[in-house]
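Report on the following structure.
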Amino acid sequence: MSLINRKTLAGAIGFAILLGGATGAQAQDPIVIKFSHVVANDTPKGEGAQMLQKLVKERLGDKVKIEVYPNSSLYDDTKGLNALLTGDVQLLAPSMAKLGEYSPSVQLMDLPFLFDDMNAVTRFEQGPGGKQILESMQDHDILGLAYWHNGMRQLTADKPLIEPRDARGLKLRVEPSDVLAAQIKELHAIPRKMAFGEVYQGMQTGVIDGQGGNTWSNIYTQKWNEVQSDMTESNNGVLDYMLITNAKFWNGLPDDVRTTLNEIIAEVTTSVNEKADQLNEEAKQSIASSGTTKIHELTPEQVKAWRDAMAPVIDEFRDEIGSDLIDAAQQSNNAN
Ligand code: LMR
């Protein structure tokens, strides 16, 4: 073979290797899963998203890459849901208060004083009612993968809220849920539906006087204690998440990938749900020691007054949500 021919052959082989390499690399490009959420990293959901990302990197690193966008850095929850439907984002874990327009039954989770504590929430979610709600948005191509806990909701305002009448006339932020708005109306207060990321400013500028229930971890990480003088340990509802994906996307994943992702999600779910109470308790202590805000604990009689004031909402939404589901949720308060 002449020198020129050898060079040509070597060049051709080099080109083929390059091409092969490039084609190979392309074939191995990982599937990118964007996970958008609105809370801080050091919250139950924030930690869950990071753990998911880490485990997927360890076990599926060559096949799947999870990109996490916390703190509304990609979308707020409303835009996130639209993006999930158009395929621009693949994972979300909105509070169920954001999902009412896709499923009447999911509104169950917003009913006032329905669950006594997070253990009751777990019992309900692991039962048939929980499964039913998880699968209730399939008509919209939304697939529920798991329930992730945050915690119980606490009232905050720029004045003490001890009795229901203290809330009269106040503008209180709620998530975009008709059930949550109805509770505020029962207090003769004014519900303001507002995106999570706008609440601090709303409180600072007086657009709202307070909010109708959120968790200690959200309150603290959003620094609402800097702009709210008073908080009430009201436990007036639950803020819980559903990890959701686009059903078409999920069902289109290679079987082995989907199986491993489901295993990882089960592991992360256990961890998030075990740790959520602790994160909320730590956040409550941090608020208490920040000295910015008074935390009011209620007597059993005062709790009953708030419960009674909001109770009509349960019957108002009974038919829409389903009596069976409401009964099952109430049953879950009995441990046995
Ligand atoms: C809210 O909007 O208050 C919450 O749903 C935010 C969250 O994701 O915890």
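The values are calculated or read from the model by the stated rules, or taken from the named source; none is laboratory data. Everything numeric here is computed off the predicted structure, so don't read it as measured data. In this analysis, Cβ positions are derived from the backbone assuming ideal geometry, glycine residues included, and neighbour counts consider all displayed protein chains. The area values use the complete protein model at the heavy-atom level, side chains included, leaving out ligands, DNA and RNA. Shrake-Rupley method; radii C 1.70, N 1.55, O 1.52, S 1.80 Å.
Hey, what does the equivalent ellipsoid look like for segment 282-321, semi-axes from the Cα gyration tensor as sqrt of 5 times each eigenvalue, largest first, whole Å?
32, 14, 7
As I understand it, the value is the acute angle between the Cα axis of helix 3-27 and the longest principal axis of the Cα atoms of the chain; what does it come to in degrees, rounded to 10?
It works out to around 20 degrees.
Using helices alone, what [θ] at 222 nm do you get for the chain, with -39,500 (n - 2.57) per DSSP H run of 4 or more residues, divided over all residues and rounded to the nearest 500? Let's see the in-between values first.
Numbers: 14 runs with 160 residues, N = 336.
Result for the chain: -14500 deg cm²/dmol, rounded to the nearest 500.
On the protein heavy atoms, probe 1.4 angstrom, tell me the percent of accessible surface of segment 3-331 carried by carbon and sulfur.
50 percent
Using the heavy atoms of the protein chains alone and a 1.4 angstrom probe, what is the accessible area of the chain per residue in square angstrom?
With all protein chains present, the chain gives 46 Å² per residue.
By its C-alpha gyration tensor, with a ≥ b ≥ c as the square roots of the eigenvalues, how is segment 203-261 shaped: rounded for a/c under 1.5, else prolate for a/b larger than b/c, else oblate?
Here segment 203-261 falls in the prolate category.
Given N residues in segment 37-129, what is Rg(Cα) / (2.2 N^0.38 Å)?
Values: Rg = 15.3 Å, N = 93, 2.2 N^0.38 = 12.3 Å.
Cα Rg divided by the expected 2.2 N^0.38 Å: 1.24.
Bins of 5 Å, beginning at zero and ending with the bin holding the largest distance: percent of Cα pairs per bin for segment 147-223, please.
Cα pair-distance distribution for segment 147-223, in percent: 3, 16, 28, 27, 18, 5, 2.
Could you work out the Kirkwood radius for segment 3-331, taking every pair of different alpha carbons, averaging 1/r and inverting it, reported in Å?
21.2 Å
Take the cross-link list Lys45/Lys304; Lys193/Lys223; Lys34/Lys248; Lys79/Lys284 and give me the ones stretching past 21 Å between alpha-carbons.
Violating the 21 Å limit, Cα to Cα: Lys45/Lys304; Lys79/Lys284.
Distance from the Cα centre of segment 255-285 to that of segment 157-221, in angstrom?
Rounded to whole Å, the Cα centres lie 28 Å apart.
Can you give the local net charge around Lys171? Use residues other than it whose beta-carbon is closer than 11 angstrom to its beta-carbon, Lys and Arg +1, Asp and Glu -1.
After counting each charged neighbour, the total is 0.
Expressed in nm to one decimal, what extension gain is obtained for the pair Ile190 and Lys131 from 0.36 nm per residue of sequence separation less their Cα-Cα distance?
17.8 nm
Assuming a ≥ b ≥ c are the square roots of the Cα gyration tensor eigenvalues, decide whether segment 234-318 counts as rounded (a/c under 1.5), prolate (otherwise, with a/b larger than b/c) or oblate. Display every interim value, and only then the final one.
Details: a/c = 3.81, a/b = 1.72, b/c = 2.22.
The shape class here is oblate.
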